[in-house]
C-alpha cells in the first residue's frame, strides 16, 4: 500500500493512477526488481525513463509510468539482446529532440526496433512522431551513429492496440490488460484507467475491481456463491479469476 504523507500530497496525486512497484510489476508481468529499475533506477544506475512522481514518501509508479514500462517490456521481449542503456538513450533523444515528455505513452508516437535479430549490436531504436502533410507516418532513428535521421517505410508493430488515448493530450488514458478479451468487446473486459479506482484493474461491466471479485471467490469457495454475495454475474467472477491466473503465470523474462 502506498503511504501518502499529507492531504495536499494526496490531492496532487489524485487521478494519475498510483501503484507500488510490486503492484505495477504484477500488472506488467515483470519482476518488482525490473519495474523499480526501469522507473526509479538503482544505486548503481539511472532509470530507463523519468518517473512521473519521485518526491513521495514511498516510491510510486503512475499509470503513464506503467504504460512506458509496457513498451520497455515489449522491446526487451522481442529483442532480448538490446540494452537498457540503448532504450534509455532512445528515450532521452525523443524528449530532447522531439519535445515528447512521455515518448512511450503518446498516441502519435510509436516505438520499435530494427536490425538483424541475431546481432544486438546492430539493432537500433526508432520512433514514429506522427504524420506529414500527406498523411504518411514519419520515422526517426533514435540511437546509433545515424540517430535523428528519418527512416523510410512502415516498419512498426506496436503494443498500443490495447491502449486508448485522450483526444486533447494524446496521452494514454485507458489500458486493457487482459489480451484474451479484445478491447472492442464492451462486455466482460478488464480496464485500467488512472481516474477510476486509482488505476486499479476493474471489470468494466460491473465496476468492481478484479481483485475484489477474485478475493470474493477465494473467500466463498465457489464462483456461484461469490457472484451471489457480490451481486454480479458468474461470468464476471470467472473473468477476474482468469485475469489473476494470467497475471500470476510465469511472465517472459525482460
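Based on what the data block shows, is residue 70 at pLDDT 95 or above, under 13 Å from the mean Cα position of the chain (by Cα) and buried (at least 18 other Cβ atoms within 10 Å of the Cβ)? So residue 70 does not fit the description; no.
Here's the yes/no breakdown for (1) outside any helix (DSSP H, G or I); (2) outside the structural domain of residue 79 (by TED's automatic domain parsing); (3) closer than 26 Å to residue 63 by Cβ; (4) modelled with pLDDT of 95 or more:
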| site | (1), (2), (3), (4) |
| --- | --- |
| 215 | no, yes, yes, yes |
| 218 | no, yes, no, yes |
| 226 | no, yes, no, yes |
| 235 | no, yes, no, no |
| 244 | no, yes, yes, no |
| 253 | yes, yes, yes, no |
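Residue-wise test of (1) buried (at least 16 other Cβ atoms within 10 Å of the Cβ); (2) at positive phi; (3) in contact (Cβ under 8 Å) with a residue 60 or more places away in the chain.
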| site | (1), (2), (3) |
| --- | --- |
| 195 | no, no, yes |
| 198 | yes, yes, yes |
| 209 | yes, no, no |
| 214 | yes, no, no |
| 220 | yes, no, no |
| 229 | no, no, no |
| 232 | yes, no, no |
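For residue 2, the test of being modelled with pLDDT under 80, in a loop (DSSP other than H, G, I, E, B), in contact with a helix residue (DSSP H, G or I) (Cβ under 6 Å, 6 or more places away or on another chain) and surrounded by 15 or more Cβ atoms within 10 Å (Cβ to Cβ) is failed.
The values are calculated or read from the model by the stated rules, or taken from the named source; none is laboratory data. Fair warning: this is a prediction, and the values are worked out from it, not measured in the lab. Virtual Cβ from ideal backbone geometry, glycine too; neighbours counted across all protein chains shown.
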